[in-house]
Amino acid sequence: MAKKRIRIDMEDADGARFEIKLEGNVTRDKILKIFDTLNLMDIEEEETAPKMDSVGSKIWHIIDKFFPMGKFTSTDVLEKYEDEFNEPVKLSIISTYLSRFSIKGRVSRARTGREWTYQIIKVAQRQP
């Protein structure tokens, strides 16, 4: 049986670094004891905000934040986008991204009169 090796590197909010190495007969119980010790030291993972470095990710952020339920149009997204990010964007760009999201199965798209309406597709997860 091969030796097991586990290495855990962490850094807390104050900048202190922790390096833990486990070698040999590493069991689940031993790993759980390490994590219990880390909990006692009150080391927490930093919550990172999602990166919004592209227009598409910003548009998805707007849809997810303001329209998690119900229907919306490209004009609705345009208004919220300009309010949220204080930068102009063309309606055609919003429409293009909404069309792409529809093709990828992230939103449903339906023709309502002279315009398209969209709605986020929520995937239900089964509980075992």
Self-check item: Positive minus negative residues near Val107 (Lys, Arg vs Asp, Glu; Cβ under 13 Å)
Solution: +4
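For the chain, what relative contact order do you get, as a whole percent, if you take Cα pairs closer than 8 Å and at least 6 residues apart?
Normalised by residue count, the contact order of the chain is 17 percent.
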Self-check item: Ranked packing of 84-96, 4-16, most packed first, by mean Cβ within 10 Å
Solution: 84-96, 4-16
Quiz item: Percent of accessible area on region 53-128 owned by carbon and sulfur, 1.4 Å probe?
Solution: 50 percent
Exercise. At q = 0.09, 0.17, 0.19 Å⁻¹, work out log10 I(q)/I(0) for the chain with the Debye formula, treating every Cα as an identical point scatterer and leaving solvent out; two decimals please.
Key: -0.52, -0.86, -0.99
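The values are calculated or read from the model by the stated rules, or taken from the named source; none is laboratory data. Please read all numbers here as calculations on a predicted model, not as lab measurements. Cβ sites come from the backbone with ideal geometry, for glycine too, and all protein chains shown count toward neighbours. In case anyone asks, the SASA skips ligands and DNA or RNA and just uses the protein heavy atoms, side chains included. Shrake-Rupley method; radii C 1.70, N 1.55, O 1.52, S 1.80 Å.
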